[in-house]
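Below is one structure, written out as structure tokens, with a few remarks after it.
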Amino acid sequence: MAARLRRKIFVKAVLGAALFVPVFLIAGWLAFVPFSKEPGYRFVNSWGTRGADAGQFNDPTGLAISGKEVFVADARNGRIQVFDLGGRFLRVFGGPGKGPGELGRPMNLTISANELYVPEYFNDRIQVFDLQGSSKRIIGRAGSGPGEFNAPGGVAVGRDGTLYVADFYNHRVQRLKADGSFIQQWGKTGTAGIAAGSFGYPTDVALGPGGGLFVADGYNDRVQAFNSNGKFTHKWGGPFASNIYGPFNGWFATVTGIITDNSGNVFVADFYNHRIQKFSADGTFLTSIGAKGSGPGQFMYPIAMALDGDGNLYVADFGNNRIQKWRQGK
Amino acid sequence: MKTARPGGNSGNLLTVLALAVAFWFAAGPANAETYTLRVDGLACPFCSYGIEKQLRKLAGVNEVITNIKNGTIQVKTDTGNKLSKVELEAAVKRSGFTLRSVN
């Protein structure tokens with residue numbers, strides 16, 4: 001009798017689990033894996049191969065566009081290369097080193113008020129160039145104090161010249177005056193964390209049209225957003241944006257670059273997932289761009305992005321040592 | 001039996017010097033070391049550049065070559081400089097990673 005009862009309970013438990021697991025998985029999928037909400041992007045063209053000649057790259061790590069010119073951070077070659085919007089080489093400046101005008105692993109680029117801002121990972125500084133390539137000034141130095149950097153990965157510039165710097169190894173984002181003097185920071189210096197407002201190796205920053213700040217919280221596999229007063233508003237990337245990585249829509253596997261468009265949409269370089277993801281400013285998933293590979297329209301570790309005036313998307317395809325251009329629509 | 005030659009001792013000195021230079025070039029810079037480190041997660045430049053930056057700070061290191069595909073880093077030192085596993089381990093740890101092996 002007891003054995004029969006035990007068997008009955010066991011059968012019920014197995015049946016319950018068999019029903020519960022698929023329901024749980026479907027509910028989880030619906031809750032945490034969003035669907036595309038806008039048309040995708042189509043591949044237009046690409047340029048570059050591995051090398052040190054004009055038009056070749058050895059680790060392209062940053063992109064910025066001014067008018068009809070595309071600026072590429074060519075990290076291991078220690079230089080910036082400039083192309084037209086179709087990929088034709090125009091000029092080059094910089095060279096490996098520590099002096100003014102020289103570059104130590106340039107990373108995510110930004111252009112503001114006709115000046116190019118270059119975070120230098122090896123030299124722990126932001127170097128500002130005019131668009132012809134003359135070095136104009138240097139902001140910051142190595143360290144963990146206010147206004148100092150430990151491997152800066154990306155920079156954003158406000159309309160008044162205020163700087164926002166992703167300070168990678170210091171696990172913080174700094175807000176600085178145009179002259180580099182310290183205003184405030186988000187995150188605790190030298191301490192990684194997953195709480196809202198804490199970071200785990202932040203790689204890049206971007207400002208929205210309304211002055212909101214978006215942070216590529218690199219190894220936390222998420223994006224964090226702050227309003228124009230600097231207050232944390234929301235975060236996204238996987239379940240609860242709590243450092244859970246994965247290949248699904250709206251999830252990340254190391255976030256290495258972030259930009260915004262004129263409508264406030266946010267593009268994120270999803271490095272180890274070999275794709276770019278696009279979101280609205282509130283973090284709603286819109287579409288995914290690219291897939292793993294080395295063919296046309298495929299990426300090997302996309303790391304950085306830029307948009308031209310027509311809304312075309314340019315991607316630094318790190319592993320393939322090339323730049324790709326994409327256009328929205330079928 | 002010794003045979004006197006024009007140049008005498010200075011000729012012998014030149015011969016010795018020439019032999020020393022020839023030996024130097026044949027043998028290469030003596031005691032230069034190459035270490036091969038294995039570290040996980042090297043594809044991202046934010047990681048690999050961080051490790052490279054720390055390794056370049058070690059005394060005597062003159063070249064660091066990262067091979068992303070097989071996850072290894074070659075560290076080359078100047079003549080007469082050796083690195084301990086503890087030093088290499090600490091440098092990799094400062095960059096936020098764990099050293100898997102050193103050869």
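Mind giving me the FRET efficiency for B:Val102 and A:Leu5? R0 is 41 Å, r the Cβ-Cβ distance, nearest 0.05 is fine. Don't skip to the answer; put the middle values down first.
Numbers: r = 61 Å, r/R0 = 1.50.
My answer for the efficiency is 0.10.
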Quick check: the angle from helix A:2-32's long axis to the longest principal axis of chain A, C-alpha only, nearest 10 degrees? 30
Report the FRET efficiency, 1/(1 + (r/R0)^6), for B:Ala90 and A:Ala27, where r is their Cβ-Cβ distance and R0 is 60 Å, rounded to 0.05. 0.80
Peptide A:70-79, shielding by other chains (average Cβ, 10 Å cutoff): 1
Where a ≥ b ≥ c are the square roots of the eigenvalues of the C-alpha gyration tensor, would you call region A:163-237 rounded, which needs a/c under 1.5, or, failing that, prolate if a/b is larger than b/c, or oblate? oblate
For A:Lys292, list long-range residues whose amide hydrogen, built 1.01 Å from N in the peptide plane, is under 5 Å from its own amide hydrogen. A:Phe299
Where a ≥ b ≥ c are root eigenvalues of the Cα gyration tensor, a/c under 1.5 meaning rounded, otherwise prolate if a/b exceeds b/c and oblate otherwise, region A:234-293 counts as oblate
Name all residues of region A:126-168 having a backbone nitrogen under 18 Å from the label point set 7 Å from the Cα of A:Lys188 along its Cα→Cβ direction, giving them as ranges. A:144-146, A:167-168
Equivalent-ellipsoid semi-axes of the protein assembly as shown, from the Cα gyration tensor, Å, largest first: 46, 31, 22
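Can you work out the FRET efficiency for the pair A:Phe232 and A:Phe20, with r the C-beta to C-beta distance and R0 = 35 Å, to the nearest 0.05? Numbers along the way, then the final one.
Numbers: r = 36 Å, r/R0 = 1.02.
In this case the efficiency is close to 0.45.
Summing Lys, Arg as +1 and Asp, Glu as -1, what charge do residues with Cβ under 12 Å from the Cβ of A:Ala156 carry, A:Ala156 excluded?
Working: positive: A:Arg159, A:Arg175; negative: A:Asp204.
Computed value for this residue: +1.
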Can you run phi through the Karplus equation (6.51, -1.76, 1.60; θ = phi - 60°) for region A:244-260 and list ³J(HN,Hα) in whole Hz, with x for Gly and Pro? 10, 9, x, x, 7, 4, x, 9, 10, 9, 6, 9, 10, x, 8, 9, 10
Spelling it out for A:His234: with amide H atoms placed in the peptide plane at 1.01 Å from N, the residues 5 or more places away or on another chain with amide H under 5 Å from its amide H are A:Ala225
Spatial separation of Cα centroids for region A:86-136 and region A:37-52, in angstrom: 23
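In peptide B:48-55, how many Cβ atoms from other protein chains are near each Cβ within 10 Å, on average? Mind dumping the intermediate values first?
Values: counts 1, 12, 7, 0, 4, 9, 1, 0.
For peptide B:48-55, the averaged partner shielding equals 4.
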From the phi of every residue in region A:194-207, what ³J(HN,Hα) in whole Hz does the Karplus formula 6.51 cos²θ - 1.76 cosθ + 1.60 yield, where θ is phi - 60° and glycine or proline is x? 10, 5, 4, x, 9, 10, x, 6, x, 10, 7, 9, 8, 9
Karplus couplings for region A:162-168 from phi (6.51 cos²θ - 1.76 cosθ + 1.60, θ = phi - 60°), rounded to Hz, Gly and Pro as x? 4, 9, 10, 10, 7, 9, 3
Treat every Asp and Glu Cβ in region B:34-102 as -1 and every Lys and Arg Cβ as +1, leave all other atoms uncharged, and give the resulting dipole magnitude about the Cα centre to the nearest 20 debye. 80
Give me the extension gain from A:Ser134 to A:Arg327: residue separation times 0.36 nm, minus the current Cα-Cα distance, reported in nm with one decimal. 66.3 nm
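FYI, it's all coordinate maths here, none of it is from the lab. As the structure is a prediction and not an experimental result, all values here were calculated from the model. Reconstructed Cβ throughout: ideal geometry from the backbone, glycine too, with neighbour counts over all protein chains shown.
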